[in-house]
1. How would the stretch 340-415 be classified by its alpha-carbon gyration tensor: rounded, prolate or oblate, with rounded meaning a/c under 1.5 and the a/b versus b/c comparison settling the rest?
2. Over the stretch 164-291, what is the relative contact order in whole percent, taking alpha-carbon pairs under 8 Å and six or more residues apart?
3. Compute the helix-to-body angle for 45-68: its Cα long axis versus the longest principal axis of the chain, expressed 0 to 90° and rounded to tens.
4. So, in nm, how far is label residue 164 from label residue 211 when the simple model puts each one 7 Å beyond its Cα toward the Cβ?
5. Taking R0 as 35 Å, what FRET efficiency do you get between residue 284 and residue 373 from their Cβ-Cβ distance, rounded to the nearest 0.05?
6. Compute the acute angle (0 to 90°) between the alpha-carbon long axis of helix 162-185 and the principal axis of greatest extent of the alpha-carbon atoms of the chain; round to the nearest 10°.
7. Relative to the longest principal axis of the C-alpha atoms of the chain, give the angle of the C-alpha long axis of helix 355-377, reported between 0 and 90° and rounded to the nearest 10°.
8. For the stretch 126-198 and the stretch 240-283, what is the separation of their C-alpha centers, rounded to whole Å?
């Protein structure tokens, strides 16, 4: 049984790497703009809707997997993700078709599949909750390391071929997800009731954590405080991810240091490693201490690098810092959920909390993309970036302030 949980963790990480394709959407933006003449607000729309569908489907999937287990729900997720990409290849020549196929159907597939390894790993690793969730979702963060260069290669740089290469790329993605995600799901299991790792005794703090179902979760102020911390904290990372490829491509024209896809892969490493690092820090020093650190790094990224980035390396460092901080929220919030409200209903409870990420991803990147569109028309991109990243630093600071007041329900002492 001890060996088996390592196998389940490996299957979870593999699946999360594939699901991380959602972070590679920015690679499609320039080719779609070339092919169809779409502006920034239009090319980011499928990404925004995929995040919204991702978060909404996670609520349904969380309730379902708590009742039926992770294997069935993850299998459905893989089928929806593959089908969404297949439909994007068939009907993605219009913006509405791409939003419906990739944004809604594929985004829902990611949500169904994403929640299952998190809920499963929390139950298999109660002794290393922050670290294992960080490790599992690290795969999701480093997905662009695989998909960034792959998508750039499949799409190509010849504008006359984009009408063929973009649909073909979606068809290839569909095959990858049908085989990879559905295949990984068949390894998923949950431990029997009352199981715990050999030689591990739960600390008193975890023994006294209340097991709150969703109906009681939404009656606690802690849920709404965590929701706000999640929304504000991920606003920086989600905006950076949505704008990364266009930003890097623009800067590469001035300073041809490396290809945008390679730089996107480097950023994804920081995104992924941040999940493991911040999760491990939270296990050792506490969740709130980790959140303070993530907020501070986000503000440093915005104010110290991105707001006035004048060269490729300054831009890349800022993007990597923002991605590193952002990754921690995806690791800490499932752990916060289990710490504050118990592991029994973590699938459904985290699904509800995850709506903060989804709403943030739908509203915030689109809002800032419209600011950059306006700045481009006024030939003042420097002013646009200054406004965008200055505002994002304020949002990160507000999240830090709310974190000060966080404490578990009933004053239970947990990490």
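None of the figures in this text is laboratory data; all of them are computed from the coordinates on show. From a predicted model like this one, the values you see are computed outputs, not experimental measurements. So basically every Cβ, Gly included, is an ideal-geometry build from the backbone, and we count neighbours across all protein chains shown.
1. Details: a/c = 6.20, a/b = 2.26, b/c = 2.74.
Verdict is oblate for the stretch 340-415.
2. Numbers: 20 pairs, mean separation 10.5, N = 128.
Dividing the mean separation by the residue count of the stretch 164-291 yields 8 percent.
3. Roughly 20 degrees between the two axes.
4. Going by the 7 Å Cα→Cβ label model, 5.9 nm.
5. On the way: r = 44 Å, r/R0 = 1.25.
That gives a FRET efficiency of 0.20.
6. Here the helix axis deviates by roughly 10 degrees.
7. 20 degrees
8. Cα centroid to Cα centroid, the span is 17 Å.
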